[in-house]
Amino acid sequence: MNDDLRTIDWIPDGDIKLRPRTFVTADALRLTLSPDLFARKFNLEEDAVIFDLLEAHLKTPAAKTYAGDPTPIPRRPALEPA
């Protein structure tokens with residue numbers, strides 16, 4: 001299996017063959033429904049609301065279940081001080 005679990009929307013850009021498109025608020029639903037755990041790329045100066053929407057989603061029960069597998073994602077225990 002060769003899947004890095006990243007959502008990247010590659011688009012053509014002039015002399016550069018492809019570049020990642022910047023995700024914006026309109027992409028929030030697509031990102032929250034995606035089975036991917038990571039996404040690239042975001043620009044806080046261009047659209048800060050997308051961060052608020054994704055952070056709010058992470059606090060919901062739906063975010064605790066990986067879309068590719070209905071088993072809840074296990075939380076890593078906090079490291080104990082040495």
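When you check Leu18 against the structure, is it under 9 Å from the mean Cα position of the chain (by Cα) and among the hydrophobic types (A, V, I, L, M, F, W, C), yes or no? Spelling it out, it is not the case that Leu18 is under 9 Å from the mean Cα position of the chain (by Cα) and among the hydrophobic types (A, V, I, L, M, F, W, C). Which one is modelled with the highest pLDDT among residues in region 1-42 that are among the aliphatic types (A, V, I, L, M) and surrounded by 12 or more Cβ atoms within 10 Å (Cβ to Cβ)? Result: Val24. Answer yes or no: is there a residue in region 61-71 that is at pLDDT 80 or above and surrounded by 10 or more Cβ atoms within 10 Å (Cβ to Cβ). Checking region 61-71: at least one residue is at pLDDT 80 or above and surrounded by 10 or more Cβ atoms within 10 Å (Cβ to Cβ). For region 43-60, which residues satisfy the criterion of being in a loop (DSSP other than H, G, I, E, B) and surrounded by 11 or more Cβ atoms within 10 Å (Cβ to Cβ)? Result: Asn43, Asp47, Ala48. Of all residues in region 1-20, those that are part of a loop (DSSP other than H, G, I, E, B) and either in contact with a helix residue (DSSP H, G or I) (Cβ under 9 Å, 6 or more places away or on another chain) or in contact (Cβ under 8 Å) with a residue 60 or more places away in the chain (or both) total 1.
The values are calculated or read from the model by the stated rules, or taken from the named source; none is laboratory data. The model shown is predicted, which means the values in this text are computed figures rather than measured ones. All Cβ positions, glycine included, derive from the backbone under ideal geometry; neighbour counts span all protein chains shown.
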